[in-house]
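The values are calculated or read from the model by the stated rules, or taken from the named source; none is laboratory data. Note that the coordinates shown come from a computational prediction; the quantities given were computed from them, not determined experimentally. With ideal geometry, Cβ positions are generated from the backbone for all residues, glycine too; neighbour counts draw on all protein chains shown. To get the accessible areas, we keep the full protein, side chains included, count just its heavy atoms, and leave off ligands, DNA and RNA. Shrake-Rupley method; radii C 1.70, N 1.55, O 1.52, S 1.80 Å.
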Amino acid sequence: MAWKTPPMTSAVKTTDLRRGFTLIELVVVLAIAAAVMGGAVGLMVYASDEHSLRRASGQIELLAKRARVTSMMRQTPYALEFRADRVRMLPLAEAGNPLRKSKKRDVEVQGDESATREEYRFEDGMSVFVRRWDSKDWLDTVKEDVHIWRFDPEGLCEPLSVKLVLDQSWSADTYEPLTASIGESEIEAR
């Protein structure tokens, strides 16, 4: 009788290469992807509000510095005029007057055409508040209200704070009277 050797078996388990993912594995991967995307969208909205507030704050600071320098160069008081939808730099004598359109596209003018004027329009939904140096209250800018920030030829301006609100995010900047630059700044973006 011949001795038969048993067949050799491998310790390695072979797998079928055609096998796919289980439903539970797919659900877990999709849940993780949804959580990551939700966080990314939240960050983008946060970053968008913060970017808009910082851009508007920077434009106001730029206009303030230009108003200060223009006032000193022309030896004429200049002003920044805060309205509900914009901030404008113009000669102080013209600040607070009603707006009228010029023949130039999207440029507001009044009086002397040689005077330097610039403006920045706020993003839709952005609210602007102004706080004077001797007050603790924020003054709202509505369609009828105009807040004037004066710049004298000697290079001085009133210490002023400007608060910008966009949805639930806000920024508040306090300006220095000698340089018209931001001295203190706070921002909360949600």
Exercise. Restrict the check to region 159-171 and report whether at least one residue is at pLDDT 90 or above, within 23 Å of V69 (Cα to Cα), charged (D, E, K, R) and open to solvent by 40 Å² or more (accessible area, probe 1.4 Å).
Key: no
Practice problem: Scan region 125-151 for residues that are assigned to a loop (DSSP other than H, G, I, E, B) and more than 17 Å from R54 (Cβ to Cβ) and jot them down. | Solution: W133, D134, S135, K136, D137, W138, T141, V142, K143, E144, D145, V146
Quiz item: For region 107-124, which residues satisfy the criterion of being at pLDDT below 90, open to solvent by 70 Å² or more (accessible area, probe 1.4 Å) and either closer than 19 Å to S71 by Cα or not in a loop (DSSP other than H, G, I, E, B) (or both)?
Solution: D112, E113, S114
Quiz item: Which residue out of S48, S10 is open to solvent by 50 Å² or more (accessible area, probe 1.4 Å), at pLDDT below 85 and part of a helix (DSSP H, G or I)?
Solution: S48
